[in-house]
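Participant: First, the structure itself, so that you have it in front of you.
The values are calculated or read from the model by the stated rules, or taken from the named source; none is laboratory data. What you see is a predicted model; the values in this text were computed from it and never measured. Using ideal geometry, Cβ is built from the backbone for each residue, glycine included, and neighbour counts are taken over all protein chains shown.
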Amino acid sequence: MQKTSTKSLIESSLLTAIAVVLILISIYIPVFYYIGLFMWPLPLALVQIKHGYKYSITSLVATTIIILLFTDPYTAFGFAITNGLLGIALGYMIKKRANVFTMIFVMVIINIISLTASIKLFGLIAGQDYIKMAFEELYRSLDTAKNMYSKMGIPKETTEAIFKSIPPRETMMMLIPTALIFHGILSSVITYFFAKKIYSRFGIKLEDIPKFSNWYIPAKFALTLMLLILLGYLAAYMRLNRGEAILLNAMYLMMFVFTINGLAALSFYLEKRGLAKSLRLLIMFFVFTSFGNLLFIVGIIDYSLNLRKLDISRLKDSPK
């Protein structure tokens, strides 16, 4: 018993040290930040997998205190709120052998809630609205750029064409919930990808994320989106508080989901034609950046007719 306890303590301490080093390298060497950021929860998750809550929570507290000594309260407590909770949850789900969809879904929820809490915490520490401050800085930079173009003699029409794709400040503020969802999805998928690659070296096998060409929209999820849009329309029509924001976020979320579905459908048919992976990626990137609206339509058609026949529950209703 004593031997097992000592082993758990040593392994947990080593993983805590790795977590601290990884975080500090990511912070002080900017080029590693956007890679390290997605890996921060992994040492803590490994402690949870191997030794349970007692050691994972102790590791989280120790890591937070050490990071606090080297950085600032926002970075330290931000880590604890976001990556700490995510790491423990990920470790728990891996230990319970949850499937890939459950893991990513739970990670997305935790990412959204923890990032929101982290932003609120920064606001309390800094004494100002972090989101509002960030948008003010962004639009101040855009105004500076417009003035610079004007002084360079660039026609006003050209300048307006360059910046017309950027929504007004009020619209951007309303779209914060959608931005949080996008961040949660992207962050969770990347973290899971790193977890699968790294944990395989420790003999921990995780399920593969389905090939992108096999991604599709489940009927229940599509129905939820449609109901959300309907509620948004009703809220906006009745002029309820934040009704327009609910509708706008629901519409952007639907556009994003069906555009990704359209891109997955394109990948499916390009793959079916036997095109090389590099060429497929090039075509997909070009179509996504140039014909996003077309992909949205393709995504709707693919879902409506179940063209790729990936949703087994709807196969009897699919065209032959």
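Participant: Out of curiosity, is Ile119 modelled with pLDDT of 75 or more, buried (at least 16 other Cβ atoms within 10 Å of the Cβ), in the same structural domain as Phe77 (by TED's automatic domain parsing) and touching a Phe, Trp or Tyr at 6+ places or on another chain (Cβ under 7 Å)?
Facilitator: Taking the combined requirement at face value, the residue satisfies it.
Participant: Among the residues of segment 84-111 satisfying the criterion of being of a type outside the set (A, V, I, L, M, F, W, C) and crowded, with 17+ Cβ neighbours inside 10 Å, which is modelled with the lowest pLDDT?
Facilitator: Top of the filtered list is Gly84.
Participant: Where residues in segment 190-214 are within 30 Å of Gly299 (Cβ to Cβ) and small (Gly, Ala, Ser), which of them is farthest from the chain's Cα centre (by Cα)?
Facilitator: Among those residues, the one meeting the criterion is Ser213.
Participant: Of these, Ile67, Ile23, Ile35, Ile29, which one is surrounded by 14 or more Cβ atoms within 10 Å (Cβ to Cβ) and either within 22 Å of Phe194 (Cα to Cα) or among the charged types (D, E, K, R) (or both)?
Facilitator: Every option except Ile23 fails the conditions.
Participant: Also, quick follow-up: Would you point out the residue of segment 62-95, among those that are hydroxyl-bearing (Ser, Thr, Tyr) and under 21 Å from Leu9 (Cβ atoms), that is nearest to the chain's Cα centre (by Cα)?
Facilitator: Tyr92
Participant: Specify which of the listed residues (Thr289, Thr259) is at negative phi and surrounded by fewer than 13 Cβ atoms within 10 Å (Cβ to Cβ).
Facilitator: Thr289
Participant: Being aromatic (Phe, Trp, Tyr), surrounded by fewer than 19 Cβ atoms within 10 Å (Cβ to Cβ), in the same structural domain as Met107 (by TED's automatic domain parsing) and in a helix (DSSP H, G or I): is that true of Tyr55 here?
Facilitator: The answer is no for Tyr55.
Table: residues versus (1) under 21 Å from Phe212 (Cα atoms); (2) aromatic (Phe, Trp, Tyr); (3) in contact with a strand residue (DSSP E or B) (Cβ under 7 Å, 6 or more places away or on another chain); (4) without any contact (Cβ under 8 Å) to a residue 12 or more places away in the chain.
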site	(1), (2), (3), (4)
Met255	yes, no, no, no
Leu266	yes, no, no, no
Ala276	yes, no, no, yes
Leu281	yes, no, no, yes
Phe288	yes, yes, no, no
Tyr303	yes, yes, no, no
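Participant: Within segment 191-221, track down each residue that is among the small types (Gly, Ala, Ser), in a helix (DSSP H, G or I) and under 26 Å from Ala45 (Cβ atoms).
Facilitator: Answer for segment 191-221, where residues must be among the small types (Gly, Ala, Ser), in a helix (DSSP H, G or I) and under 26 Å from Ala45 (Cβ atoms): Ala195, Ser200.
Participant: Pairs under 9 Å by beta carbon, first residue free of Cβ contacts under 8 Å to residues at least 60 places away in the same chain in segment 41-68, partner among the acidic types (Asp, Glu) and assigned to a helix (DSSP H, G or I), six or more apart or different chains?
Facilitator: Val47/Glu11; Lys50/Glu11; His51/Glu11; Tyr55/Glu11
Participant: Assess whether Arg314 counts as being part of a helix (DSSP H, G or I) and at pLDDT below 90.
Facilitator: Answer is yes for this residue.
Participant: Output yes when any residue across segment 186-194 is among the small types (Gly, Ala, Ser) and modelled with pLDDT under 85, and no when none is.
Facilitator: Scanning segment 186-194 turns up no residue that is among the small types (Gly, Ala, Ser) and modelled with pLDDT under 85.
Participant: Quick one: what pairs do we get from segment 305-317, first residue under 19 Å from Ala264 (Cα atoms) and among the basic types (Lys, Arg), second surrounded by 10 or more Cβ atoms within 10 Å (Cβ to Cβ) and at pLDDT 75 or above, C-beta under 6 Å, 6+ apart or different chains?
Facilitator: Arg308/Phe268; Arg314/Asn306
Participant: Can you confirm whether segment 250-272 contains a residue that is part of a helix (DSSP H, G or I), out of contact with any Pro (no Cβ under 8 Å at 6 or more places or on another chain), closer than 19 Å to Ile176 by Cα and small (Gly, Ala, Ser)?
Facilitator: Yes, there is a match, as at least one residue in segment 250-272 is part of a helix (DSSP H, G or I), out of contact with any Pro (no Cβ under 8 Å at 6 or more places or on another chain), closer than 19 Å to Ile176 by Cα and small (Gly, Ala, Ser).
Participant: Continuing with this model, one more query. Being among the aliphatic types (A, V, I, L, M) and not in a helix (DSSP H, G or I) is the filter; apply it to segment 222-242 and report the residue that is surrounded by the most Cβ atoms within 10 Å (Cβ to Cβ).
Facilitator: The qualifying residue surrounded by the most Cβ atoms within 10 Å (Cβ to Cβ) is Leu240.
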